[in-house]
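The values are calculated or read from the model by the stated rules, or taken from the named source; none is laboratory data. Keep in mind that this is a model prediction, so the values were computed, not measured. Here the Cβ positions follow ideal geometry from the backbone for every residue, glycine too, while neighbour counts run over all protein chains shown.
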Amino acid sequence: MEVILLERIEKLGQIGDIVTVKNGFARNYLLPRNKALRSNAANRKVFEANRAQIESDNAARRSHAQEEAKTIDGVTITLIRQASNTGQLYGSVSSRDLAEALTADGHKVTKSAIVLDRPLKSIGLSIVKVALHSEVSVSIKVNIARSPEEAELQAQGVDVMTSMFEREEAGFTEDYDPNAEPGTIAGEEPGEAEASTEA
């Protein structure tokens, strides 16, 4: 389907470009969100008549997004979630969770502005892109931890999972008796093992 773009769309084109897209993409995304018009003679005339207005509206939205970008760029969001010992979250962090956290922090961001390739499913630090406008995007840092103390450590650059495993390995020591018979427990006399099996 041929459409006329009403705003710049990444990997597709600029305002006023006539591009060919798949029918489903046009019907389900571009047309309902007023990002494009079907390309026909009547719509081309309407677009050309309103081109100046469309471009000025886009410029106004872009300048507003640039102002908002200054306050959001580089912001760190800390989310406390339950996770397993391996660091996997019980559930995941979605774009809705991030939008709610940003809104609670005083920034007006919609769920659709958060660009997540896939939901975040483990503790740690992640960089997430926020597209405030088709031409304006910023990055935020997301710190997912099991407790505020763990979040503080991660913010300082400590890899919590690695340090936890190192602590466990350092704390685990096995008693070793070079004279022990096979099948006996270190520190136990050979006769004790036989007595305990008979009882």
Test: residue in segment 87-106 that is in contact (Cβ under 8 Å) with a residue 60 or more places away in the chain and charged (D, E, K, R): no
Segment 105-125, subset of a type in the set (D, E, K, R) and in contact with an Asp or Glu (Cβ under 9 Å, 6 or more places away or on another chain), residue farthest from MET161 (Cα to Cα): LYS108
Failed criterion for SER147 (all others in (1) at pLDDT below 90; (2) crowded, with 16+ Cβ neighbours inside 10 Å; (3) not hydrophobic (A, V, I, L, M, F, W, C) hold): (2)
Scan of segment 20-43 for residues that are part of a helix (DSSP H, G or I) and either under 39 Å from the mean Cα position of the chain (by Cα) or at pLDDT below 90 (or both), ordered by number: ASN23, GLY24, PHE25, ALA26, ARG27, ASN28, TYR29, LEU30, ASN43
Given (1) surrounded by 13 or more Cβ atoms within 10 Å (Cβ to Cβ); (2) without any contact (Cβ under 8 Å) to a residue 60 or more places away in the chain; (3) under 28 Å from LEU12 (Cα atoms), index of the condition LYS70 fails: (1)
Count - residues of segment 1-56 that are touching a Lys or Arg at 6+ places or on another chain (Cβ under 6 Å) and farther than 24 Å from ALA131 by Cα: 0
Sole residue being farther than 23 Å from ALA113 by Cβ and buried (at least 17 other Cβ atoms within 10 Å of the Cβ), chosen from LEU30, LEU37: LEU37
Candidates LYS129, LYS121, filtered to the one that is part of a strand (DSSP E or B), under 30 Å from LEU6 (Cα atoms) and within 10 Å of the chain's Cα centre (by Cα): LYS129
Any hit, segment 91-102, residues being part of a loop (DSSP other than H, G, I, E, B) and out of contact with any Cys (no Cβ under 8 Å at 6 or more places or on another chain): yes
LYS141 being touching a residue at least 40 places away in the same chain (Cβ under 8 Å), assigned by TED's automatic domain parsing to the domain that holds GLY87 and not in a strand (DSSP E or B): no
